[in-house]
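Step one of this worksheet: look at the structure below.
No value in this document is a laboratory result; all are computed from the given coordinates. Because the structure is predicted, anything quoted here is derived from the model rather than measured. As a convention, Cβ positions derive from the backbone with ideal geometry for all residues, glycine included, and neighbour counts pool all protein chains shown.
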Amino acid sequence: MTEIDPGPDKSNDGQGDVQRVLYGRRVGRPLRLYRQALVDNLLPAVEVINPNPGEPVTPGSRFSTPYDAYWLEIGFGAGEHLAWQARANPNVGIIGCEPYLNGVARLLAEMDESNLTNIRIFRDDARFLLAGLPDASISRIFVLFPDPWPKSRHHNRRVVGPSVIADLARVLCDGAELRIATDDPGYKGWILQHVLAKGDFDWFARRPSDWRNRPDDWPPTRYEQKAKSAGRCGAFFGFARRSRVV
């Protein structure tokens, strides 16, 4: 998953303007003709264009038909998890964020072959999208196997951090679920520390098996399978957004 970094804070007439830097590839190998055609022809119909600062992004307005709920996946990689969720939950509209064009093309192929119409794609820094989403507008968010940036000097590049978690808490409905997975031992503690720090989330786990075992409605990704082959065990965290009314 491509990571984000706030970079230096630059002021403009007294207004804070945070420079965002995307770490990781945007394009890999040249696309096959079929997938390139999907990028040229299907992507424009399902893409959520980068919103202007302060411009609201109402999830329902990005789909041709209304849905019972709207979910968000940040860094969907090759899109196999997102596509599985879209098939299993046809009453839900799902927005996926992923700057890597080859992963986007792979998801477009799955959408085309399976006729999945309840998916929209945002191809930029997920924080731009989060900033435009209204309060309590999303019913579930997935952040699956983000790059752990294990070196201490790179920890500021981690997507799970105070500013992003504050945005996740803001856009999630009361009682909504935040799912985060990692196979990096150091990132596991980091995730728990930062997600629970402000008190906006409750951790579902009551016993080790609650986070060591992936739930049945949480399909494996190719990255998870690669981690298992390398002997790395995943952690599957589920958090509930606390009620705003005490």
Item to check | Modelled label reach - Thr65, point 7 Å along Cα→Cβ, the stretch 97-117 residues with backbone N closer than 18 Å | outcome: 111-117
Next on the checklist: So the label point goes 7 Å from the Cα of Gln193 along Cα→C-beta, right? Which residues of the stretch 143-170 then have their backbone N under 14 Å from it?
Outcome noted: 150-158, 160-162
Item to check | 222 nm mean residue ellipticity, helices alone, for the chain (DSSP H n ≥ 4; -39,500 (n - 2.57); rounded to 500) | outcome: -8500 deg cm²/dmol
Checklist entry - Among the aspartates and glutamates, which have Cα under 15 Å from the Cα of Lys198 when same-chain residues fewer than 8 positions away are ignored? => result Asp167
Checklist entry - Under a point spin-label approximation (7 Å from Cα along Cα-to-Cβ), what is the Arg232-Leu33 distance to one decimal in nm? => result 3.8 nm
Item to check | Full-extension gain in nm, Ala136 to Asp210, via 0.36 nm per residue minus C-alpha separation | outcome: 24.0 nm
Checklist entry - What's the long-distance tail for the stretch 150-246, i.e. % of Cα pairs beyond 20 Å? => result 41 percent
Checklist outcome for this item: Toy charge model, Lys and Arg Cβ at +1, Asp and Glu Cβ at -1: the stretch 23-241 dipole around Cα centroid in debye, rounded to 20, equals 920 debye
Next on the checklist: Ranking request for peptides 119-130, 158-169, 212-223: highest mean number of other beta-carbon atoms within 10 Å first, then the rest in descending order.
Outcome noted: 119-130, 158-169, 212-223
